[in-house]
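The values are calculated or read from the model by the stated rules, or taken from the named source; none is laboratory data. Keep in mind that what you see is a predicted model, and the values were worked out from it rather than measured. Neighbour counts are summed over all protein chains in view; Cβ atoms, including those assigned to glycine, are modelled from backbone coordinates with ideal geometry. All accessible areas refer to the heavy atoms of the entire protein, side chains included, with ligands and DNA or RNA removed. Shrake-Rupley method; radii C 1.70, N 1.55, O 1.52, S 1.80 Å.
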Amino acid sequence: KQEVTQIPAALSVPEGENLVLNCSFTDSAIYNLQWFRQDPGKGLTSLLLIQSSQREQTSGRLNASLDKSSGRSTLYIAASQPGDSATYLCAVGGSYIPTFGRGTSLIVHP
Amino acid sequence: DAGVTQSPTHLIKTRGQQVTLRCSPKSGHDTVSWYQQALGQGPQFIFQYYEEEERQRGNFPDRFSGHQFPNYSSELNVNALLLGDSALYLCASSLGLADEQFFGPGTRLTVL
């Protein structure tokens, strides 16, 4: 059974800081790993998808890396802004059912 | 280009009742997955439909059933509702079984 853990569970930072969110998984036989953002009570917005053959993906101020062998992914957010405040979730896809972590709740204060 | 749509947005039911939630996938997508998200938790996978068949199923009882139509839209049915079924129900669509998933806004189900 795949298990996904996200650390930290919550984070509060001042505007402008560079952030690293962590996602770890127990089974390295994955197809892909996807990072999402979720605003309170809303659906999920896809941020980045990393296929199992890739090491990283970038979109604007976001960069996600994947290390299958160690079962880890990181989401790097550069120059954080108050609008980045949300819960960030990672999801792992493979031969088993898609599995999400519980998320990191991020607050960026002005 | 319409994204994933879900209906209704909110629903209130009582214990023992039955409910049907609906999802229309993003244009061009042929695969629909359903998730249940309790407050403060990550989404839990219920099942996935592709070519009108259930392809994968998570650890949910048979009270949870689904259907996919020829136009790729999907329904989630829950029978004999329990208080613990109260959650945000999310639908995601993708092109194929292992591709990037796009989520709808969700249906908030409250069971009283």
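What to note about this one:
- Volume per residue that the Cα convex hull of the protein assembly as shown spans, once the total is divided by residue count, Å³: 120
- Note on B:43-49: average number of Cβ atoms from other chains within 10 Å of each residue's Cβ is 4.
- Assigned charges on the beta-carbon of Lys, Arg, Asp, Glu; the stretch A:47-110 dipole about Cα centre (debye): 100
- Within chain B, the proportion of Cα pairs with more than 26 Å between them is 12 percent.
- With contacts taken as Cα pairs under 8 Å and at least 6 residues apart, the stretch B:27-112 reaches a relative contact order of 31 percent.
- In chain A, the alpha-carbon atoms span a convex hull of 90 Å³ per residue.
- Across chain A, the relative contact order, built from alpha-carbon pairs under 8 Å that are at least six residues apart, equals 37 percent.
- Partner chain coverage, peptide A:98-110 - average Cβ within 10 angstrom: 3
- The contact between chain A and chain B removes approximately 1500 Å² from the accessible area (both sides summed; 1.4 Å probe; ligands, DNA and RNA excluded).
- Placing +1 on each Lys and Arg Cβ and -1 on each Asp and Glu Cβ, with no other charges, gives chain B a dipole about its Cα centre of roughly 560 debye.
- Average other protein chain Cβ within 10 Å of Cβ, residues A:90-97: 4
- The order of the peptides B:2-11, B:29-38 by mean Cβ neighbours within 10 Å, most packed first, is B:29-38, B:2-11.
- Charging the Cβ of each Asp and Glu at -1 and of each Lys and Arg at +1, and nothing else, the dipole of chain A about its Cα centre rounds to 220 debye.
- Among A:S52, A:S73, A:S12, residue whose mean-square fluctuation peaks in a GNM of chain A (springs only between Cα atoms under 10 Å): A:S12
- Here the simple spin-label model places points 7 Å from the Cα toward Cβ, and for B:I12 and A:D39 these points are separated by 2.5 nm.
- Computed with the Debye formula from one identical point scatterer per Cα of the stretch A:14-75, without solvent, the log10 of I(q)/I(0) at q = 0.13, 0.22 Å⁻¹ comes to -0.38, -0.94.
- Residues with amide H under 5 Å from that of B:Q56, placed H, sequence gap 5 or more: B:Q48
- Each of the peptides A:100-108, A:15-23 was scored by the mean count of other Cβ atoms within 10 Å over its residues; in descending order, highest first, they stand as A:100-108, A:15-23.
- Solvent-accessible area of chain A (1.4 angstrom probe, protein heavy atoms only): carbon and sulfur portion equals 49 percent.
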